[in-house]
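The values are calculated or read from the model by the stated rules, or taken from the named source; none is laboratory data. Because the structure is a prediction, the values reported are computed rather than measured. Heads up, the Cβs are rebuilt from the backbone with ideal geometry, glycines too, and the neighbour counts pull from every protein chain shown.
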Amino acid sequence: MTIDSLYQTFGNIFYRFGAIVLFILVWQLACSTGLAPETFVASPMVIIKTLYQYALDGSLYKNTIISLSRAFYGFILAVVVAVPLGFMLGGWFKSFERIIGPLLTFLGQFNPFALFSVFLLLFGIGEFSKVAMIFWVSIWPLLYNASLGVKTVDPGLIKLARSMGMGRIKLLTKIVIPSSASFLFSGLRLAAGTAFFMLIPAEMMGASRGLGWLIINAQVNYQIPKLYTGTLVIVVLGIVIDYFFRFLEKKVVIWKEAQNL
Amino acid sequence: MAEIGTVGPTIGGALTPQIGSNKADAAVLSFNQRVMSWYGIIAFLLLWQIAPYLGLTDGRFIPPLSEIVADAGKLIANGEFFVHVASSCQRVLIGLFLAVVAAIPFGILLSGFFPRLTRFLNPLLIILGNINPFALFPLFILLFGVGEMAKLAIIFWSSLFPILNFTIYGVMHVDPILIKAARSMGAGKANIFWKVVIPAALPSIFTGFKMGATVAFLFLIAAEMLSANAGLGYLVHNASLNNYIPRIYVGVLGIAILGMGFTMLINQVEKLLLSYKDEVKVT
């Protein structure tokens with residue numbers, strides 16, 4: 001390793017994390033000098049201490065697991081329904097898609113937050129309404145991307161495969177799914193992000209456990225460190241979910257790079 | 001995160017078959033093509049109307065469409081509906097306006113004149129933009145109370161980052177060949193900025209604005225449901241608290257229609273403003 005490349009790596013790290021570190025330092029400084037009032041703003045040190053404390057007594061872990069499992073069930077249900085439906089709409093039933101497409105666009109336009117009242121009405125305030133809510137918001141990006149992915153498959157590839165005598169099922173698994181995989185993955189990533197995104201208000205409106213409940217409860221009881229800690233956990237989890245799906249796409253869709261060359 | 005609730009228009013845009021030999025045929029066909037995109041919606045609305053009578057759904061929880069329309073008519077007749085629409089529109093427009101005024105000049109200045117500083121700040125801005133604004137709701141209420149200020153702050157914050165980040169992206173990714181070409185033809189700094197950088201970055205800025213508007217609308221409703229005494233979000237929330245079921249659906253449909261109208265307006269403005277931009281076709 002030469003000095004030059006060392007210098008470059010250092011520069012990269014500086015550019016990537018410098019501003020974030022600086023932000024945290026300024027935050028800490030503002031808190032310890034009393035510039036930011038303690039009654040409203042918790043300092044990073046206090047947040048870390050609170051995080052440690054809640055991690056030890058297990059309450060943070062319990063609430064996170066509950067939140068993640070709700071998001072997971074809604075998301076998986078949406079994947080099971082929306083991906084095959086999107087494939088069918090994009091691939092096989094073109095005229096059916098022309099009729100149902102605008103309806104789906106119309107339904108997708110509904111503000112999920114306004115629909116929350118309807119969901120509470122129909123499904124009550126139990127677990128099911130939260131999972132249904134997450135299911136509803138995750139469907140749209142999946143459906144859109146799955147149908148777009150199928151539409152963008154190179155027709156030459158399909159003709160070629162068919163002329164070599166490939167059956168319908170093999171056509172799907174060997175041609176259609178691999179070539180629409182990058183669309184599918186961006187749909188999955190968006191849907192997972194949306195699922196976790198909408199989970200928080202769902203838990204704020206009617207729940208007795210979970211991260212959304214944790215922060216709204218902290219606000220009501222005026223527990224500032226707890227409020228900031230919960231918010232931080234939600235933010236970090238959201239970013240981790242996003243990166244996880246990006247990573248997964250890179251690992252699974254290895255043929256995409258070759259296409260770019 | 002702004003993709004919530006918006007399925008792109010491409011879902012309905014399949015290929016149009018090339019048949020119809022004479023003009024009359026073509027006219028019928030094109031009429032059919034245009035109406036075709038409404039069949040699904042009409043069928044859905046019809047089903048909604050008759051389902052309670054057929055016993056498919058419980059009319060108490062999903063009232064037939066006619067009941068909802070009747071309630072909407074009542075609200076429109078006594079003028080209450082327009083009060084809610086106006087106060088919602090006012091909030092979203094003020095919040096969005098503040099975000100645009102703050103984000104676009106700041107983004108252009110930052111990325112146009114301080115590229116190194118922009119590279120340094122970019123990761124932080126992206127992380128701030130990725131923060132779930134819902135998670136910040138309790139904080140906003142803590143800092144700004146439950147009045148008008150908190151709602152505007154929420155709308156401002158949530159639409160600020162898409163606009164800012166897309167503005168920075170647009171200015172940073174102007175094709176360098178365009179700038180070099182302009183410079184080699186003797187264009188001055190100001191000329192390059194106004195004639196090359198801004199038009200080249202405008203499509204990206206507009207994408208950011210569109211995302212910001214979508215997000216602003218989403219959070220408007222959320223903010224109004226938490227605390228307000230007027231607005232469409234309040235209409236839904238209040239109806240839900242009083243268990244006045246048709247009115248919940250009036251509010252939900254009103255929000256959807258207002259949101260769609262908003263989107264259509266923005267698309268129309270984009271068409272006028274960005275007439276020089278090449279259409280990008282996916283298929």
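Can you pull out the residues in the range A:218-231 that are more than 11 Å from A:Leu60 (Cβ to Cβ) and in contact (Cβ under 8 Å) with a residue 40 or more places away in the chain?
Filtering the range A:218-231 down to residues more than 11 Å from A:Leu60 (Cβ to Cβ) leaves A:218-225, A:227-228, A:231.
If the condition is that a residue be more than 11 Å from A:Leu60 (Cβ to Cβ) and in contact (Cβ under 8 Å) with a residue 40 or more places away in the chain, then A:Ile224, A:Pro225, A:Leu227, A:Tyr228 are the ones that fit.
Here B:Val236 fits the description: assigned to a helix (DSSP H, G or I), in contact with a Lys or Arg (Cβ under 9 Å, 6 or more places away or on another chain) and in the same structural domain as B:Phe82 (by TED's automatic domain parsing).
Mind checking whether some residue in the range A:161-182 is away from chain B (no Cβ under 14 Å), within 15 Å of A:Glu249 (Cβ to Cβ), surrounded by fewer than 19 Cβ atoms within 10 Å (Cβ to Cβ) and among the small types (Gly, Ala, Ser)? Show your work before the answer.
Going through the range A:161-182, the residues away from chain B (no Cβ under 14 Å) turn out to be A:161-178, A:181.
Keeping just the survivors that are within 15 Å of A:Glu249 (Cβ to Cβ) gives A:177-178, A:181.
Those left that are additionally surrounded by fewer than 19 Cβ atoms within 10 Å (Cβ to Cβ): A:177-178, A:181.
Within this subset, residues satisfying the condition of being among the small types (Gly, Ala, Ser) are A:181.
Looking for residues that are away from chain B (no Cβ under 14 Å), within 15 Å of A:Glu249 (Cβ to Cβ), surrounded by fewer than 19 Cβ atoms within 10 Å (Cβ to Cβ) and among the small types (Gly, Ala, Ser), one finds at least one in the range A:161-182, hence yes.
Taken as a whole, the structure leaves B:Ile108 outside the set of residues that are of a type in the set (Val, Ile, Thr), surrounded by fewer than 16 Cβ atoms within 10 Å (Cβ to Cβ) and more than 21 Å from the chain's Cα centre (by Cα). Residues satisfying the criterion are absent from the range A:43-61 (criterion: within 30 Å of A:Ile139 (Cβ to Cβ), without any contact (Cβ under 8 Å) to a residue 60 or more places away in the chain and of a type in the set (Gly, Ala, Ser)). Taken as a whole, the structure leaves B:Leu164 outside the set of residues that are part of a helix (DSSP H, G or I), within 11 Å of chain A (Cβ to nearest Cβ) and closer than 29 Å to A:Ile200 by Cα. Scanning the range A:119-145 for residues that are at the interface with chain B (Cβ under 10 Å from one of its Cβ atoms), buried (at least 21 other Cβ atoms within 10 Å of the Cβ), aliphatic (A, V, I, L, M) and within 21 Å of B:Leu253 (Cβ to Cβ) yields a total of 2. Hey, among the residues in the range A:131-174 that are polar (S, T, N, Q) and assigned to a helix (DSSP H, G or I), which one's nearest to A:Gly210 (Cα to Cα)? Of everything passing the filter in the range A:131-174, A:Ser138 is nearest to A:Gly210 (Cα to Cα). Of all residues in the range A:80-106, those being within 25 Å of the chain's Cα centre (by Cα) and more than 10 Å from every other protein chain (Cβ to nearest Cβ) number 8.
In the set A:Thr9, A:Thr33, A:Thr64, which member is more than 11 Å from every other protein chain (Cβ to nearest Cβ) and under 25 Å from the mean Cα position of the chain (by Cα)?
On the way: A:Thr9 fails: under 25 Å from the mean Cα position of the chain (by Cα); A:Thr33 fails: under 25 Å from the mean Cα position of the chain (by Cα).
Selected residue: A:Thr64, the only one of A:Thr9, A:Thr33, A:Thr64 that is more than 11 Å from every other protein chain (Cβ to nearest Cβ) and under 25 Å from the mean Cα position of the chain (by Cα).
Could we say that A:Phe197 is surrounded by fewer than 22 Cβ atoms within 10 Å (Cβ to Cβ) and among the aromatic types (Phe, Trp, Tyr) here? When the stated conditions are applied, A:Phe197 does not pass them.
What about A:Pro155, is it within 14 Å of A:Gly91 (Cα to Cα) and either in contact (Cβ under 8 Å) with a residue 40 or more places away in the chain or not small (Gly, Ala, Ser) (or both)? Write out each step before concluding.
Working: within 14 Å of A:Gly91 (Cα to Cα): yes; either in contact (Cβ under 8 Å) with a residue 40 or more places away in the chain or not small (Gly, Ala, Ser) (or both): yes.
Yes, satisfied.
Picking from residues in the range A:200-252 that are surrounded by fewer than 17 Cβ atoms within 10 Å (Cβ to Cβ) and of a type in the set (Gly, Ala, Ser), the one that is nearest to the other protein chains (Cβ to nearest Cβ) is A:Gly206. Please determine, by comparing only the residues of the range B:15-50 that are away from every other protein chain (no Cβ under 13 Å) and closer than 22 Å to A:Thr105 by Cβ, which one is modelled with the highest pLDDT. So the residue we want is B:Gln49.
Restricting attention to the range B:157-186 and to residues that are among the aromatic types (Phe, Trp, Tyr) and closer than 14 Å to B:Phe209 by Cβ, the residue that is surrounded by the fewest Cβ atoms within 10 Å (Cβ to Cβ) turns out to be B:Tyr169.
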